Amino acid sequence: MKTRIVGDLRIDRVVESEGPFVPFALLLPEATQELIDANADWLNPRFVDPTDNRVIMGFCSFVLRTPRRTILVDACSGNDKERPLRPHWHRQQHRFLESMVQAGTRPEEIDFVFCTHLHADHVGWNTRLVNGRWVPTFPNARYLFARREYEYWEQAQRKAVSLGADVPNHGSFADSVLPVVEAGRAVLVDSDHEIENGVHLEPAHGHTPGSCLLHARNRGAHALFLGDVMHSAIQLANPALSSQFCADPVTAAKVRTSLCERYADTETTILTGHFPTPNAGRILRHRDAFRFAFSNEPI
């Protein structure tokens, strides 16, 4: 995705990694081959690797620049994190910060970091390893966590520690969230918090107990950051499909369906945490459901 201009807002996408990820059956267990084949005309080859039916995914963050502030939306999986059960994230060495600088933003310029939810692949760059300690990556930023989301994972962390059980989220709460809190950089906010005029959260609970969308409106233009409300564009062909990682798949499906109905055939720019490059696009009504059109495609 090249720089996207929304009114007076600028949006740059910073990619950590991208490519064929896992078979659809592992990500979206109810996605049938019949559904994939019926939508191959727009899914292949951008969203589906036709050689082995793996879903093509990106892991990315967005830098949202308003006239007043610079906001990082989500923080990928990070470097040096211990994730032995997720080889794709384990002790990675990505050039994420270099990519951010190339896109025009230095870490010290970030005013706010907002994580749509607190899964390991959305909080990793909250911190970096310095002399054996996890410290906030963005030294001048305030990190915004939806209170409901934070409290859920904090309670899960405390319970696991007290029982001597495996900590939640592959340990990401401990190495990518708590160090931010301990450094005094975290701010717990309501699920409809307004960061500034035109930039605000909306609750989208389901994928996690407190996940949120982020709206950015300016001069009549609108961008919507979905986080993991959708992992793959095939969920537009059947919005009832929830991923195996959804805490409440029924509620997640309702949120996704409502969002599709609300924004289909509108000018709203949709930005997701996991669609591949170029990422930015629109939701269109298609047959008896929906499809995705990248911004550079004819409608």
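Inside region 51-68, residues that are surrounded by fewer than 14 Cβ atoms within 10 Å (Cβ to Cβ) and within 30 Å of H222 (Cβ to Cβ) make up a count of 2.
Output the residue which, of all residues in region 179-238 that are hydroxyl-bearing (S, T, Y) and over 29 Å from D41 (Cβ atoms), is farthest from the chain's Cα centre (by Cα). Ranking the qualifying residues of region 179-238, first place goes to S191.
Go through region 259-272 and give me each residue that's assigned to a loop (DSSP other than H, G, I, E, B) and farther than 13 Å from Q235 by Cβ.
As a first pass, look at region 259-272 and keep what is assigned to a loop (DSSP other than H, G, I, E, B): 264-268, 272.
The answer is A264, D265, T266, E267, T268.
Figure legend. Inter-residue proximity from region 180-202: first residues at negative phi and without any contact (Cβ under 8 Å) to a residue 60 or more places away in the chain, second residues among the aliphatic types (A, V, I, L, M) and in a loop (DSSP other than H, G, I, E, B), beta-carbon distance below 8 Å, spacing 6+ or different chains. Indicated pairs: R185/A141. Could you tell me whether any residue of region 74-90 is within 20 Å of C212 (Cα to Cα), acidic (D, E), surrounded by fewer than 22 Cβ atoms within 10 Å (Cβ to Cβ) and under 20 Å from the mean Cα position of the chain (by Cα)? For region 74-90, residues within 20 Å of C212 (Cα to Cα), acidic (D, E), surrounded by fewer than 22 Cβ atoms within 10 Å (Cβ to Cβ) and under 20 Å from the mean Cα position of the chain (by Cα): absent. Screening region 162-251 for strands (runs of 3 or more DSSP E) wholly inside it with 1 or more residues that are β-branched (V, I, T) and out of contact with any Cys (no Cβ under 6 Å at 6 or more places or on another chain) returns the ranges 186-189, 194-196, 199-203. Kindly indicate whether V14 is surrounded by 19 or more Cβ atoms within 10 Å (Cβ to Cβ), within 23 Å of H286 (Cβ to Cβ) and either in contact with a helix residue (DSSP H, G or I) (Cβ under 9 Å, 6 or more places away or on another chain) or in contact (Cβ under 8 Å) with a residue 60 or more places away in the chain (or both). Taking the combined requirement at face value, the residue does not satisfy it.
Looking at R282, R256, R291, which is the one that is part of a helix (DSSP H, G or I) and among the basic types (K, R)? Spell out the reasoning first.
Numbers: R282 fails: part of a helix (DSSP H, G or I); R291 fails: part of a helix (DSSP H, G or I).
So the residue among R282, R256, R291 that is part of a helix (DSSP H, G or I) and among the basic types (K, R) is R256.
With respect to (1) surrounded by fewer than 15 Cβ atoms within 10 Å (Cβ to Cβ); (2) of a type in the set (A, V, I, L, M); (3) touching a Ser or Thr at 6+ places or on another chain (Cβ under 7 Å), the lone exception for V250 is condition (3). Looking across A237, A252, one residue alone is touching a strand residue (DSSP E or B) at 6+ places or on another chain (Cβ under 7 Å) and small (G, A, S). It is A237. Residue count for region 72-115 satisfying the condition of being of a type in the set (G, A, S), farther than 24 Å from V181 by Cβ and in contact with a helix residue (DSSP H, G or I) (Cβ under 8 Å, 6 or more places away or on another chain): 0. Residues in region 49-90 that are at pLDDT 95 or above, aliphatic (A, V, I, L, M) and part of a loop (DSSP other than H, G, I, E, B): A75 only. So is R46 part of a loop (DSSP other than H, G, I, E, B), over 16 Å from the mean Cα position of the chain (by Cα) and not β-branched (V, I, T) or not? Yes. For region 106-157, filtering for residues that are assigned to a helix (DSSP H, G or I), among the small types (G, A, S) and either touching an Asp or Glu at 6+ places or on another chain (Cβ under 8 Å) or surrounded by 24 or more Cβ atoms within 10 Å (Cβ to Cβ) (or both) leaves 1.
Among residues of region 120-132 that are closer than 9 Å to D80 by Cβ, those with a beta-carbon under 7 Å from a residue that is modelled with pLDDT of 95 or more and in a strand (DSSP E or B) at least six positions away or on a different chain give the pairs R128/V135.
The values are calculated or read from the model by the stated rules, or taken from the named source; none is laboratory data. Computed from a prediction, not measured in an experiment: that's the story for all the values here. Every residue, glycine as well, gets a Cβ built from its backbone with ideal geometry; the counts of neighbours run over all protein chains shown.
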